[in-house]
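These notes concern the structure reproduced below.
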Amino acid sequence: MRDKDKYLDALKQSNGRYNAVDIGAQIGLHEDATMKIITQLLAEFKIDYVTYRNCDYTVMKKQRK
């Protein structure tokens, strides 16, 4: 599984309990790698920047067609 997919799954499971860098550290990523992944996920509209509990990012809900 790619780091980006691992990070997205960990973000879903954390449900806002941990900040973005801590989530990356839990899956073995350094801070700079975590920030690159966050940038990619934002560009792909898979996450959104929203202050939610301890984390500044949340997984975007899929829109129905």
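Overview of results
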read-out: Selection count, segment 1-36, where residues are part of a helix (DSSP H, G or I), more than 8 Å from the chain's Cα centre (by Cα) and β-branched (Val, Ile, Thr); value: 2
read-out: Residue in segment 38-58 that is assigned to a loop (DSSP other than H, G, I, E, B), free of Cβ contacts under 8 Å to residues at least 60 places away in the same chain, of a type in the set (Ser, Thr, Tyr) and more than 15 Å from LYS4 (Cα to Cα) present; value: no
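Every number in this text was worked out from the coordinates using simple rules, so none of it is lab data. All values derive from a computational prediction rather than experimental measurement. Note: ideal-geometry Cβ built from the backbone for every residue, glycine included; neighbour counts use all protein chains shown.
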